[in-house]
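Engineer: My questions will all concern the structure given below.
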Amino acid sequence: RRLQWPPPPGTALRAMAPDGTSVAEYAYYFGICLVLVGLILWFFELLRTPTAEELDSDVGQKPLKKRLITSEDGTPDASEPEDAPRSFASGFLDAPSIEEANVVSKRAVCGMFPAAASAPTVEQFGACLQRMIRACHVKHGHLRIFDDNTVNDSMDGNPVSLMECRATQFRRMRVAAHLTEEAYIESMCARPFSGGKVEASGKSGSFFLRTHDNRFVLKTIELHEFNVLKDILPHMVLYLMEHDKSLLCRFLGGYELTIGGRILRFIVMVNVLPRHADEVYDLKGTTEDRWVDPATRAVMKDNNFLSQSMLFEAELCASMTEQIRDDAEFLHSLGVMDYSLLVGISAPADDAGFRDGLSELPGWLAVAGGAITPKLFQVGIIDYLQRWTPKKVAAHWLKKATLGCFHEIDTEPPLVYCNRFYKYFLRKIQVMHQ
């Protein structure tokens, strides 16, 4: 029908559509579209990682681990020198020199205390933590299975309590990692920790400490990750006792530190990359947000590794791909996802091998259309404490209809994630033909 303009008096304005849809109906549908777009943007904002400035301006409401380190006079120390050396192994700055250590030890601890000149330093914090870890170890004999163990101390006049969670189960984890209690306490408490900074790469914003021998890493985690770890711990103990050469990163302890009414949860895990690595890649088999500028010297990702592959001798290649499949299927049985394989690449070493939960594999790095060079690969599966939660489900459906048209998204159900993870490394790990 033809649209009359202006409309006759007393008649409703009709749109130029065969069904005679009115402008009011079009406005109604347009409003629904705006609401849906608003919900999508709100979900993406919910999933977005806050910036350091946002975290620093929201004191007391964000997790302690995401606060910035403050300088001695209480001002935020939000940046590091551009030429500061990076540690690929743990994601924070390398251990400082003697001159730098004097400056680092004067910095307040990760924003856990109000910015003030009297705030405990990283050195004081580490010393107090080591005293309480040693005290927890002394009390092991009085524990029953699944018991938590609490000790009290003070730091700069502030009462502090440390709870060692699932102490008996973690002790069995250390046995599965061929680690004696004496060796564990020696590494943890014999000399001061290094590090004490928010990670330089990744999205978690975790706070890291390293043992003096670079053998173990202490990392802060969120409450939901801590709960997942406690839930899966008995299954992990049984699995790792049967799969001695699993690539899963070993968790050796879980602690809750309470100070000033605040709780800091952290785990102790085997350092997957104890050796210096020339290049480090965090590989998931996805393409969504998986590119890092190599000039930043940060941990690189899947799209940086696109034209490369790892070559091994036939027996080692078959063993490694089979172990990745077994580990991925085990993680699927636990209902977790979003894990990745951390790969450190360095020059060959004569003493490479699998020992104490570490996988150091001799092989070759192949570049498409380029040379094949001998390398040492340090590998381990990390960050497997993410459950398939309603938040992940919402992110999956939002991304699938948008980013999923162009990329492999990371928020996939555990079964899909497991199969994609294994198939990706089936392509990236190949046999070296002499």
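Engineer: I'd like to know if the stretch 283-291 contains one or more residues that are closer than 30 Å to Ala167 by Cα, open to solvent by less than 20 Å² (accessible area, probe 1.4 Å) and small (Gly, Ala, Ser).
Structural biologist: Within the stretch 283-291, the subset closer than 30 Å to Ala167 by Cα is none.
The answer is no; no qualifying residue exists.
Engineer: Then there's this: Spot the failing condition for Arg262; the list is (1) within 26 Å of Asp147 (Cβ to Cβ); (2) touching a strand residue (DSSP E or B) at 6+ places or on another chain (Cβ under 8 Å); (3) surrounded by fewer than 22 Cβ atoms within 10 Å (Cβ to Cβ), and only one is missed.
Structural biologist: Result: Arg262 passes all but (2).
Engineer: Let me ask something else about it. Go through Val299, Val268, Val272 for me and flag whichever is closer than 30 Å to Gln130 by Cβ, modelled with pLDDT of 95 or more and open to solvent by less than 30 Å² (accessible area, probe 1.4 Å).
Structural biologist: On inspection, the qualifying residue turns out to be Val268.
Engineer: Name the one entry in Glu199, Glu164, Glu186 that is modelled with pLDDT of 90 or more and open to solvent by 10 Å² or more (accessible area, probe 1.4 Å). Break it down into steps so the answer makes sense when it comes.
Structural biologist: On the way: Glu199 fails: modelled with pLDDT of 90 or more; Glu164 fails: open to solvent by 10 Å² or more (accessible area, probe 1.4 Å).
Going through Glu199, Glu164, Glu186 in turn, the sole match is Glu186.
Engineer: Is there any pair linking a residue in the stretch 223-235 that is open to solvent by less than 40 Å² (accessible area, probe 1.4 Å) to one that is aromatic (Phe, Trp, Tyr), with Cβ under 8 Å and at least six apart or on different chains, and which?
Structural biologist: Leu229/Phe251; Leu233/Phe170; Leu233/Phe251
Engineer: Among the residues of the stretch 394-409, are any touching a residue at least 60 places away in the same chain (Cβ under 8 Å), surrounded by 16 or more Cβ atoms within 10 Å (Cβ to Cβ), under 30 Å from His178 (Cα atoms) and of a type outside the set (Asp, Glu)?
Structural biologist: Scanning the stretch 394-409 turns up no residue that is touching a residue at least 60 places away in the same chain (Cβ under 8 Å), surrounded by 16 or more Cβ atoms within 10 Å (Cβ to Cβ), under 30 Å from His178 (Cα atoms) and of a type outside the set (Asp, Glu).
Engineer: Further question on the same structure: Note down all Cβ pairs under 7 Å where the first residue falls in the stretch 322-351 and is surrounded by 19 or more Cβ atoms within 10 Å (Cβ to Cβ), the second is of a type in the set (Ser, Thr, Tyr) and not in a loop (DSSP other than H, G, I, E, B), and they're at least six residues apart or on different chains.
Structural biologist: Once the first residue is surrounded by 19 or more Cβ atoms within 10 Å (Cβ to Cβ) and sits in the stretch 322-351, its partners that are of a type in the set (Ser, Thr, Tyr) and not in a loop (DSSP other than H, G, I, E, B) give Ile324/Tyr422; Ala328/Tyr422; Phe330/Tyr239; Met337/Tyr417; Val343/Tyr281.
Engineer: Another question about this same structure. Tell me which residues, restricted to the stretch 148-177, are over 11 Å from Glu256 (Cβ atoms) and of a type in the set (Asp, Glu).
Structural biologist: Of everything in the stretch 148-177, those that are over 11 Å from Glu256 (Cβ atoms) and of a type in the set (Asp, Glu) turn out to be Asp153, Asp156.
Engineer: At pLDDT 90 or above and over 23 Å from Glu329 (Cα atoms), is that true of Pro374?
Structural biologist: So Pro374 fits the description; yes.
The values are calculated or read from the model by the stated rules, or taken from the named source; none is laboratory data. As the structure is a computational prediction, the values presented were derived from the model and not from experiment. Neighbour counts run over all protein chains shown; Cβ positions are idealised from the backbone, glycine included. All accessible areas refer to the heavy atoms of the entire protein, side chains included, with ligands and DNA or RNA removed. Shrake-Rupley method; radii C 1.70, N 1.55, O 1.52, S 1.80 Å.
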